[in-house]
Every structure is written in C-alpha cells, then in structure tokens.
Amino acid sequence: MASPEENERELILQVATRLFAALGHDGVSMGQIGEAAGLTTAAITPHFPTKRHLYLAVMERAQQVLSAVIDKRAGELKAAAPEERPAALHRFIDGYIDLCVEHPEVPALWMHRWLSDASDIEELESLSAQPLAQYAVDSIAALADPVHADAQLTTYTMVWCIQGFSLSGVLDTTGQRRRPDDPDALRRFRAHLHQLLARLLGLAN
C-alpha cells in the first residue's frame with residue numbers, strides 16, 4: 001500500500017503531466033500545478049524542488065512509456081526474417097499508434113518540445129529521445145537500405161504522421177474533425193500508414 005507521501009507525489013506527477021501536455025512547460029507555473037492538485041507550492045517542493053525537476057520527472061515517465069513499445073516493436077522488426085518484415089513493420093506501426101492513442105499526453109509533451117518548449121532543458125534529446133529514436137531508425141534501416149530509402153526520414157515520417165493524427169485527427173468531407181476515438185477514422189488511418197510505409201520500403205502490402 002502506497003504511503004501518503006507516495007500518493008501525494010503521484011498526484012503531483014499526474015496533474016503536472018496533464019498541464020504540461022496541454023500548455024507546455026513554459027506555459028505552466030508551479031503555482032498553477034499546486035492549485036490544480038489542491039496543494040500549496042510549499043507542499044510540492046519536498047517532492048520536486050523546482051519546476052525543472054518536476055518537468056524532467058514527467059518526461060522520464062513519458063519516455064518509459066515510449067521505450068516499452070519501441071524497444072519491443074523495433075527489436076522484433078530488426079530481428080525479423082525477410083519474409084516476416086511486412087508483418088513486423090505493421091506491428092511496429094500499430095504499436096506506436098496504440099501508444100499515442102492510449103497515452104495522448106506522450107505525443108502532446110513531445111509536440112511542445114518540437115515547438116521549442118523548455119528550450120533551456122537540452123539534455124532530454126541527447127540522453128533519452130535520441131538513443132531511442134536511433135534504435136527505431138536502425139530497425140527501419142534493415143528495410144530502407146536495400147531500396148535506397150532514407151531510414152531516418154522514413155522513421156520520422158511515421159512518427160510525425162502518427163503523433164499528428166493522435167492529437168488532432170483529420171477533417172472529413174463535411175469539415176468535421178474525426179479523431180482517434182472514431183473507430184472508422186482510426187481504422188482508415190492505420191491502413192493508410194501500413195500502405196504508405198510498405199510502399200515506401202518496397203514491401204508487398
């Protein structure tokens with residue numbers, strides 16, 4: 001059973017994750033986090049002395065969610081025999097789609113990073129994001145290199161598309177936004193990514 005201190009720390013992390021995902025690191029103060037959590041700033045600082053400490057803890061948790069999926073799916077793709085690569089690629093795509101749909105805070109946090117949020121905190125990319133991204137790129141390279149495709153940009157094409165769809169969906173022919181909670185929109189998007197990556201990498205669809 002978690003202690004009161006552990007429960008309080010978890011509450012702070014959950015509230016901070018929600019606010020950082022919605023507004024970005026630069027748009028949120030410790031006072032706002034405390035107010036949303038029903039705590040004073042003084043109650044937060046024993047757990048997280050500064051906003052930087054809290055932000056890094058939030059991003060570390062997001063990175064753990066990413067790693068759990070990418071390590072598994074990229075590893076399977078990298079180890080797949082040639083005849084198994086199309087199915088392994090689809091599992092990689094589906095795993096990343098499912099991650100972003102089930103944990104929208106993860107792509108939201110990184111979308112803010114891409115727009116220069118918390119630009120003074122540089123170590124996130126070099127220490128955590130870049131090695132994980134490179135592992136994904138290396139797994140795609142096994143498929144990309146034989147057909148002279150750019151493995152890095154192919155990987156990022158997948159990431160950009162999935163994160164964009166998971167956060168904003170697409171407009172239908174009537175101008176209505178169809179988000180990932182629309183089963184038909186999600187099915188169509190999943191099939192589209194399968195086809196896009198398979199054709200780009202010269203695999204049978």
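Are there any GluC sites (Glu not before Pro) in the stretch 98-148 that are in a DSSP loop and have at most 13 other Cβ atoms within 10 Å? List them by number. When the GluC sites (Glu not before Pro) of the stretch 98-148 are filtered for loop state and at most 13 Cβ neighbours within 10 Å, Glu122 remain. Kirkwood radius and radius of gyration were both taken over the C-alpha atoms of the stretch 71-129, and their ratio Rg/Rh is 1.12. Accessible area per residue for the stretch 142-205, computed on protein heavy atoms with a 1.4 Å probe, is 59 Å². Pull up all non-local amide H partners of Arg178: gap of 5 or more, or a different chain, and H-to-H distance under 5 Å with H placed in the peptide plane. Those lying under 5 Å, H to H, from Arg178 are Val170, Leu171, Asp172.
Computed over protein heavy atoms with a 1.4 Å probe, the carbon and sulfur contribution to the accessible area of the stretch 1-134 reaches 56%. One quarter of the convex hull surface built on the alpha carbon atoms of the stretch 1-95 amounts to 8.2 nm², the projected area averaged over directions.
Computed from Cα atoms, the angle from the helix 85-102 axis to the main principal axis of the chain rounds to 30 degrees. Look at (i) 17.2, 51; (ii) 16.3, 54; (iii) 19.1, 59: the one that is Rg and Dmax of the Cα atoms in Å derived from this structure is (iii). Once the Cα atoms of helix 183-200 and of the chain are each reduced to a long axis, what angle between those two axes, in degrees from 0 to 90 to the nearest 10, is obtained? The helix 183-200 is inclined about 50 degrees to the chain.
For the residues Leu115, Leu39, Leu197, a 1.4 Å probe over the protein chains yields an accessible-area ranking, largest first, of Leu115, Leu39, Leu197.
Any idea what % of Cα-Cα pairs in the stretch 43-107 are farther than 19 Å? Summing the P(r) tail past 19 Å for the stretch 43-107 gives 48 percent.
The values are calculated or read from the model by the stated rules, or taken from the named source; none is laboratory data. Here the structure is a predicted model, which means the values were calculated and not measured. Every residue, glycine as well, gets a Cβ built from its backbone with ideal geometry; the counts of neighbours run over all protein chains shown. Side chains included, ligands, DNA and RNA excluded: accessible areas come from the protein's heavy atoms. Shrake-Rupley method; radii C 1.70, N 1.55, O 1.52, S 1.80 Å.
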